[in-house]
Amino acid sequence: MMEALTETYGNPSGAHRLAREANRRVDAARASLAESFGITPGNIVFTSGGTEADSMAIHGSLRRLADRGTPGVAVCSAVEHHAVLEPVEFTGGRVVAVDANGVLDLDHLGVVLAELNEKQVPVAVVSIMAANNETGVIQPVIEASRIVRELAPDALIHSDAVQFSAWRDTSDIAAAVDLMSVSAHKIGGPKGIGFLAVGTGVTLPAIQMGGGQERGRRGGTHNVPGIVAMAAAAQVMVAERSETVERVENLRDRLINDVLAGAAGAFVTGAGADRLPNIAHFCLPGIESEPLLFMLEKNDVMASAASSCSSGAQQVSHVLAAMGITGSDAPGALRLSLGRDSTKDDVDAAARSVVEVVDRIRSRG
Amino acid sequence: MAEVLVAMSGGVDSSVAAALLVDAGHTVTGVTLKLWGGESDSGCCSVSDVDDARWVATALGIEHHVFNLGSDFNEHVVDRYVADYAAGLNPNPCIECNRHIKFSKLLDRADLLGFDQIATGHHAAISSHEGSLYLRRGDDPAKDQSYVLHMLDQSQLRRLILPVGDMTKDEVRRIAEERGLVTAAKPDSQDVCFIHSKGGRQEFLGNRIPLTPASVVDTEGVQVGSVQSVELVTIGQRRGLDVGGNTGRKYVTDIDRTSNTITLGDRAGALRESVALHRFVWADQPIAGPVVAQYSAHGRPVAGRLERLGNDGADEGSVVWDTPQIAVAPGQSVVFYDGDRVLGGAIAR
């Protein structure tokens, strides 16, 4: 990354030697990323991160149908990241329910697509995240993709794999869908860089135009240091993944057991579902998240209530609401995320802190 | 020195309040309350106000947090405001916010989080008198906010610091300017923070409750005009009623919600001998007898006699004015003073 900032600092779209060197860096990163994520290098469209990739997928798919003169709608699950949910709702799309564990309701997906069929409303894109960013619940993307291919064969399928990609191999999902979003900062890379994988043969009109970069799919000068760093982070992540996943999962389970044993009434959100190894998401009935997080921070436990995107404007999470967790349970949401560097001492300290702080809040109740 | 949580609205007063607390050697943490999630262009609590508060906190080298008390605010302030109008009352939402949010919810939260005291940028002071604490009028008469803080009792006053209470607004702005705080030249918040200036109360309430048209008559019962919503008309009001051919100053002397008729008359018709009260609050001990009372945020204090009904537990009473006063709208707060000292208050029935 430093080299890209200080030596090969040319603009990869230029023609001179420095530009060509920078372009070679981008090419190498593209090839490396393709290998890390089980995709084809030419399918990678670099973006400023997951949100832009999601936005490009939804708006681009809608444009694709509109350009053909058959405007359609977007469909997504109720627990999507706001980067998907907001463009889908903004453009008048449909939202598919999840069950009490936060897992996509495949029957409801079928119902929604059949309804749209019946009304002769074309479906531009169906977007199902690979794993939820708040609860870590893994979604049946491949099963969903089969339903979409059958009931809405002209639709593109998108999967936001931002949360998933650090912990599980994305090859199968990439093969099953047309569009897949990835963000560097979830895999140990820097913030502000990501990509949308656009399947071979899929034409996705550009949303951000100008300059013609990324084969005309996304205008704008490449973030070369970010791209190089993302590729390096992905290599490390993939090389260490199987070991990391097992270790982090054990730590996460230890954390969950200790919190459940110490904090009366606490339950794990989406406990009945297959979940990512790094997220321990609890609901703590009768506990308000804000004082909880404030007090945890005093103990050097940096946690969040929902996704960190909405901190500063904390609202009841749409993910929990979609799972039917409302009323007195929802405000006490606590998400503890582990990283690949987390240790046993870290999780023990975190569990002790949570139990102690919950006790302190309850004792004043 | 104390651990102090200072409520920072993103305005100049609370910015300077925070700065003065830091100067005084306290361990200071800033917090901005996110209260209203809907549309608004006045008052405080917008995203840019949160940014302003954070920039000031950074400049002062203190931590800054955001507490979302939106659902409490909706329940205790917004919903109540709407229900009060529907019931023919004239509520003061700033007072209810102070009563239920800033000096209740926020104070409890501060206790829970281990703070010794909270602070705000209100223009009013706290001083002790015969062993008890009292709120005093701020030194800047144009900015005095003691009226909207009148509900504070001993336990609240003990845990509250009002660093700019003894300053004029000009002094506050000068300090902010000297320290280069981004909020130095920010205009004062006006109006109700959750109401958009363009649509006003009419639109806000109209989206939430049915508003009732009413006819406007003179004292002889002859119709002289009409209004779209009787809910927005206040007894004693003398502006904002669009009636043609006005001769002299007219006041709303009566509002009949059964026939939806508003009567306009001369000043004498709008005068009342007394105001009936309930929901009393006291800084320390309840009082009765001769009193000076103020019945609007920037009104002048008026002499009268406070009578409380029944025994001490009763929450009803009245002030009989020494000379008749323009009618106090039901729902308005009436605040009792001894000189500059706030003794308590109640709500007009």
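Considered as a group, the residues in segment B:76-124 that are within 17 Å of the chain's Cα centre (by Cα) and part of a loop (DSSP other than H, G, I, E, B) include one that is farthest from B:Ser14 (Cα to Cα), and that residue is B:Leu89. Of all the residues in segment B:34-50, those that are more than 12 Å from every other protein chain (Cβ to nearest Cβ), at pLDDT 65 or above and surrounded by fewer than 16 Cβ atoms within 10 Å (Cβ to Cβ) number 3. Annotation note: of B:Gly236, B:Gly165, B:Gly240, the sole residue that is in contact (Cβ under 8 Å) with a residue 40 or more places away in the chain and at positive phi is B:Gly236. Does B:Phe73 satisfy being within 14 Å of chain A (Cβ to nearest Cβ), hydrophobic (A, V, I, L, M, F, W, C) and not in a helix (DSSP H, G or I)? The answer is no for B:Phe73. So, B:Ser189, is that one assigned to a loop (DSSP other than H, G, I, E, B), under 21 Å from B:Ala57 (Cβ atoms) and either outside the structural domain of B:Asp52 (by TED's automatic domain parsing) or at pLDDT 95 or above (or both) or not? Judged against the criteria, B:Ser189 is a match. Of all residues in segment A:271-295, exactly one satisfies the criterion of being among the aliphatic types (A, V, I, L, M), away from chain B (no Cβ under 14 Å) and out of contact with any strand residue (DSSP E or B) (no Cβ under 8 Å at 6 or more places or on another chain), namely A:Ala271. Of the residues B:Arg159, B:Arg109, B:Arg136, B:Arg173, the single one that is closer than 23 Å to B:Ser189 by Cα, in contact with a helix residue (DSSP H, G or I) (Cβ under 7 Å, 6 or more places away or on another chain) and surrounded by fewer than 22 Cβ atoms within 10 Å (Cβ to Cβ) is B:Arg173.
The set of residues in segment A:35-64 that are crowded, with 20+ Cβ neighbours inside 10 Å and of a type in the set (Asp, Glu) comprises A:Glu52, A:Asp54. Just one of the numbered conditions (1) farther than 28 Å from B:Gly344 by Cα; (2) surrounded by fewer than 20 Cβ atoms within 10 Å (Cβ to Cβ); (3) of a type in the set (A, V, I, L, M, F, W, C) is not true of B:Ala87: (1).
Can you name the residue in segment A:68-97 that is touching a strand residue (DSSP E or B) at 6+ places or on another chain (Cβ under 9 Å) and of a type in the set (D, E, K, R) and is also surrounded by the most Cβ atoms within 10 Å (Cβ to Cβ) among such residues? Ranking the qualifying residues of segment A:68-97, first place goes to A:Glu80. Across segment A:3-26, the qualifying residues are those that are assigned to a helix (DSSP H, G or I) and in contact (Cβ under 8 Å) with a residue 24 or more places away in the chain, and the one among them that is nearest to the chain's Cα centre (by Cα) is A:Val26. Within segment B:290-311, residues that are under 12 Å from B:Ala346 (Cα atoms) reach partners that are small (Gly, Ala, Ser) and surrounded by fewer than 16 Cβ atoms within 10 Å (Cβ to Cβ) with beta carbons closer than 6 Å, at six or more positions or on different chains, in the pairs B:Leu306/B:Ala288; B:Arg308/B:Ala288. Return yes when A:Ala232 is at pLDDT 95 or above, among the hydrophobic types (A, V, I, L, M, F, W, C) and touching a Gly at 6+ places or on another chain (Cβ under 8 Å) and no when it is not. Considered against the rule, which asks whether it is at pLDDT 95 or above, among the hydrophobic types (A, V, I, L, M, F, W, C) and touching a Gly at 6+ places or on another chain (Cβ under 8 Å), A:Ala232 comes out as yes.
Among the residues of segment A:133-152, those identified as closer than 13 Å to A:Cys76 by Cα and touching a residue at least 40 places away in the same chain (Cβ under 8 Å) are A:Gln139, A:Ala144. I want to confirm something. Restricting to segment A:27-49 and keeping residues that are in contact with an Asp or Glu (Cβ under 7 Å, 6 or more places away or on another chain) and not in a loop (DSSP other than H, G, I, E, B), which single residue is nearest to A:Ala4 (Cα to Cα)? Restricting to residues being in contact with an Asp or Glu (Cβ under 7 Å, 6 or more places away or on another chain) and not in a loop (DSSP other than H, G, I, E, B), the top hit is A:Phe46.
Taking the stated definitions as given, is B:Phe67 surrounded by 16 or more Cβ atoms within 10 Å (Cβ to Cβ), farther than 28 Å from B:Leu211 by Cα and modelled with pLDDT of 95 or more? So B:Phe67 fails the test. Within segment B:285-294, being modelled with pLDDT of 95 or more and either in a loop (DSSP other than H, G, I, E, B) or surrounded by 16 or more Cβ atoms within 10 Å (Cβ to Cβ) (or both) holds for B:Val291, B:Val292, B:Ala293, B:Gln294.
So that you can scan it fast, the table gives a plain yes or no per residue for (1) part of a helix (DSSP H, G or I); (2) closer than 30 Å to A:Gly188 by Cα; (3) among the charged types (D, E, K, R); (4) modelled with pLDDT of 90 or more:
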{"position": "A:Pro277", "(1), (2), (3), (4)": "no, yes, no, yes"}
{"position": "A:Gly327", "(1), (2), (3), (4)": "no, no, no, no"}
{"position": "A:Ala349", "(1), (2), (3), (4)": "yes, yes, no, yes"}
{"position": "A:Ser353", "(1), (2), (3), (4)": "yes, yes, no, yes"}
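Exactly one residue among B:Asp144, B:Asp108 is of a type in the set (Asp, Glu), free of Cβ contacts under 8 Å to residues at least 12 places away in the same chain and farther than 30 Å from B:Thr212 by Cα, and that residue is B:Asp108. For the criterion of being away from every other protein chain (no Cβ under 14 Å), farther than 30 Å from B:Glu203 by Cα and surrounded by fewer than 18 Cβ atoms within 10 Å (Cβ to Cβ), B:Ala24 passes. As for segment A:205-216, it holds at least one residue that is in contact (Cβ under 8 Å) with a residue 12 or more places away in the chain and either assigned by TED's automatic domain parsing to the domain that holds A:Arg340 or not in a loop (DSSP other than H, G, I, E, B) (or both).
The values are calculated or read from the model by the stated rules, or taken from the named source; none is laboratory data. In this text the structure is predicted, and so the values were computed from the model without any measurement. A quick note on method: Cβ atoms are made from the backbone with ideal geometry, for glycine too, and the neighbour counts reach across all protein chains shown.
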